[in-house]
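No lab work stands behind these numbers, since they all come straight from the coordinates. The structure displayed is predicted, hence computed values, not measured ones. Ideal geometry is used to build each Cβ from the backbone, glycine not excepted, and the neighbour counts take in all protein chains shown.
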Amino acid sequence: MHFVSETTAITVIRRADIPFRPVQGDGAAGLSLARLHRPMDNAFTFQMARIEPGGVSRRHAHPWEQVNLVISGSGIVDIGDAQITIEPGDCVIFPGNVSHAISCAGAEPLVLVAALGSGAA
């Protein structure tokens, strides 16, 4: 939804309109992503992730940094040699090229807001 005043225009995406899309294959299960914003220069990507109970993102690594803020639910971040429990309000910062997977560890979906650095697909 676009709002325009005399001096500026903004976009508001209402919760009911968040464009979650299921991610299939490569080890992902119960994962949906919603790209919310990527500027024209691709400097960053702002998105949300939802992992259903028992679900997991696929293990992956990428050259850009990734910052996740836990909105609701609980989960486990797996970086290979360590597993870290996460809960609402926690912020997880992945440097580039760190292999990781995130799973939902609770009875409700794990919902994350993510900021991805330049180059994110």
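Points worth noting:
- In terms of other Cβ atoms within 10 Å, THR45, THR85, THR8 run from fewest to most in the order THR8, THR85, THR45.
- Positive dipole terminus of the chain, leading residue within ASN42, GLY89, VAL111 (C-beta point charges): ASN42
- When each of the peptides 64-70, 54-60 is scored by the mean number of other C-beta atoms lying within 10 Å of its residues, the order from highest to lowest reads 64-70, 54-60.
- Under the Debye formula (equal points on every Cα, no solvent term), log10 I(q)/I(0) of the range 19-116 at q = 0.12, 0.15, 0.19, 0.20 Å⁻¹: -0.34, -0.54, -0.89, -1.00
- Cβ charges +1 (Lys, Arg) and -1 (Asp, Glu), total dipole of the chain, debye: 320 debye
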